[in-house]
Amino acid sequence: MDLGITGRRALVMGASRGLGRAIAEGLLAEGVAVTAVARNAEAIEAWGGGIAGLTAVSADLSDVATIDALADRLLADGGVDILVNNSGGPPPGPAASVARGIWLAQFETMAANLFHLTGRLLPPMRERRWGRVVTVASSGVEQPIANLALSNGIRAAVVGWSKTLAGEVAGDGVTVNVVLPGRIETTRLAELDAANATRSGTSVEAVQKASIAAIPAGRYGQPAEFAAAVVFLASQQASYVTGTKLRVDGGATRAI
Ligand SMILES: NC(=O)c1ccc[n+]([C@@H]2O[C@H](COP(=O)([O-])OP(=O)(O)OC[C@H]3O[C@@H](n4cnc5c(N)ncnc54)[C@H](OP(=O)(O)O)[C@@H]3O)[C@@H](O)[C@H]2O)c1
């Protein structure tokens, strides 16, 4: 299938490793010019330096001034056609003991600053009557994951925002969707498995075995498998898909 996005321009947040990197690579393979962003832009250069069409930029989602500077830079050049909202994950912890200040700081980083960035980049998409906004959340919005209160709580708000926005801009040719990773093999997943092992006093191998036992596919997913779903939603071919949540979880979420 020709995805029909050769020559489009994309911004991919959280692209120095893991899911964001795989999404950036997937878009580059389709001939999309990608601005890839993370705090550590050198890490982007390390995997992508020399790839035609890739620009590495440093910005910090916890610092709105850097997000505004990023938006200014992109808008000065006409903006982007595709926005991939991806952020770092929050620390694990139970709902009963998250401090108020942590809720606020993580909401700013994982939600408010992505909403703000999207708001800034939408006008040229709407004027051109073509745009794609794809946001990475978590399967925890459908089946909350124990000890990930910040992720479950804040990402539920992100899904509500995405659905509301989808209805506002669908008539302008802009689609807005959310993709829900289950357990995809990245640095983040390795960190969470290690934290679970420490918390439960077992080995990382035992934690992984238990996790995989709950996944019908019988394995963790690969970043490229996740990225393929995002690239499809960013494509011309997904022009009538908006306001959705798409699971990429090997069947792990039990609800239909
Ligand atoms: N992997 C999974 O199975 C899974 C499952 C559910 C949800 N998720 C969520 O999906 C997202 C991506 O997951 P991942 O596994 O790819 O995570 P990851 O391996 O930890 O990568 C996170 C990326 O975000 C960047 N980042 C972190 N904090 C940032 C900040 N303040 N400003 C700008 N960029 C920042 C990191 O680069 P720098 O450190 O250089 O900034 C990195 O490129 C996370 O939010 C994660 O919680 C992942």
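Given the condition touching a Pro at 6+ places or on another chain (Cβ under 6 Å) and open to solvent by 10 Å² or more (accessible area, probe 1.4 Å), answer yes or no: does some residue in segment 108-130 qualify? Walk me through how you get there before you give the answer.
At the first step, the residues of segment 108-130 found to be touching a Pro at 6+ places or on another chain (Cβ under 6 Å) are none.
Checked against the condition, which is being touching a Pro at 6+ places or on another chain (Cβ under 6 Å) and open to solvent by 10 Å² or more (accessible area, probe 1.4 Å), segment 108-130 yields no hits at all.
In the set (1) open to solvent by 60 Å² or more (accessible area, probe 1.4 Å); (2) over 21 Å from Thr135 (Cβ atoms), Arg39 fails one condition alone, (2).
If you scan segment 151-172, which residues turn out to be open to solvent by 10 Å² or more (accessible area, probe 1.4 Å), in contact (Cβ under 8 Å) with a residue 60 or more places away in the chain and out of contact with any strand residue (DSSP E or B) (no Cβ under 6 Å at 6 or more places or on another chain)?
Applying the first criterion (open to solvent by 10 Å² or more (accessible area, probe 1.4 Å)) to segment 151-172 yields 152-153, 155-157, 159-161, 163-165, 167-168, 170-172.
Restricting the remaining residues to those that are in contact (Cβ under 8 Å) with a residue 60 or more places away in the chain gives 159, 163, 167, 170.
Residues satisfying the conditions are Lys163, Gly167, Ala170.
Is segment 134-146 home to any residue that is free of Cβ contacts under 8 Å to residues at least 60 places away in the same chain, surrounded by fewer than 16 Cβ atoms within 10 Å (Cβ to Cβ) and farther than 30 Å from Leu3 by Cβ? Yes, segment 134-146 has at least one match. With respect to the conditions (1) closer than 24 Å to Ile184 by Cα; (2) touching a Phe, Trp or Tyr at 6+ places or on another chain (Cβ under 9 Å), Thr118 falls short on a single one, namely (1).
Could you say which residue among Ile256, Ile212 is surrounded by fewer than 20 Cβ atoms within 10 Å (Cβ to Cβ), at pLDDT below 95 and more than 22 Å from the chain's Cα centre (by Cα)? Spell out how you get there, then give the answer.
Values: Ile212 fails: at pLDDT below 95.
Ile256 is the lone residue from the list that is surrounded by fewer than 20 Cβ atoms within 10 Å (Cβ to Cβ), at pLDDT below 95 and more than 22 Å from the chain's Cα centre (by Cα).
Of Ser200, Ser162, all but one fail to be outside the structural domain of Ser138 (by TED's automatic domain parsing) and either touching a Lys or Arg at 6+ places or on another chain (Cβ under 6 Å) or hydroxyl-bearing (Ser, Thr, Tyr) (or both); the exception is Ser200. Inside segment 123-158, can you point out the residues that are within 12 Å of the ligand (Cβ to nearest atom), touching a Leu at 6+ places or on another chain (Cβ under 9 Å) and among the small types (Gly, Ala, Ser)? Answer for segment 123-158, where residues must be within 12 Å of the ligand (Cβ to nearest atom), touching a Leu at 6+ places or on another chain (Cβ under 9 Å) and among the small types (Gly, Ala, Ser): Ala137, Ser138, Ser139, Gly140. Cβ separations smaller than 9 Å between residues 6+ apart or across chains give the following pairs from segment 68-97 residues that are more than 16 Å from Phe115 (Cα to Cα) and polar (S, T, N, Q) to residues that are surrounded by 14 or more Cβ atoms within 10 Å (Cβ to Cβ) and modelled with pLDDT of 95 or more: Ser97/Ala149.
The values are calculated or read from the model by the stated rules, or taken from the named source; none is laboratory data. Predicted model only: the values in this text are computed from it and were never measured. Virtual Cβ from ideal backbone geometry, glycine too; neighbours counted across all protein chains shown. Remember, those area values only see protein heavy atoms, side chains included, never the ligands or the DNA or RNA. Shrake-Rupley method; radii C 1.70, N 1.55, O 1.52, S 1.80 Å.
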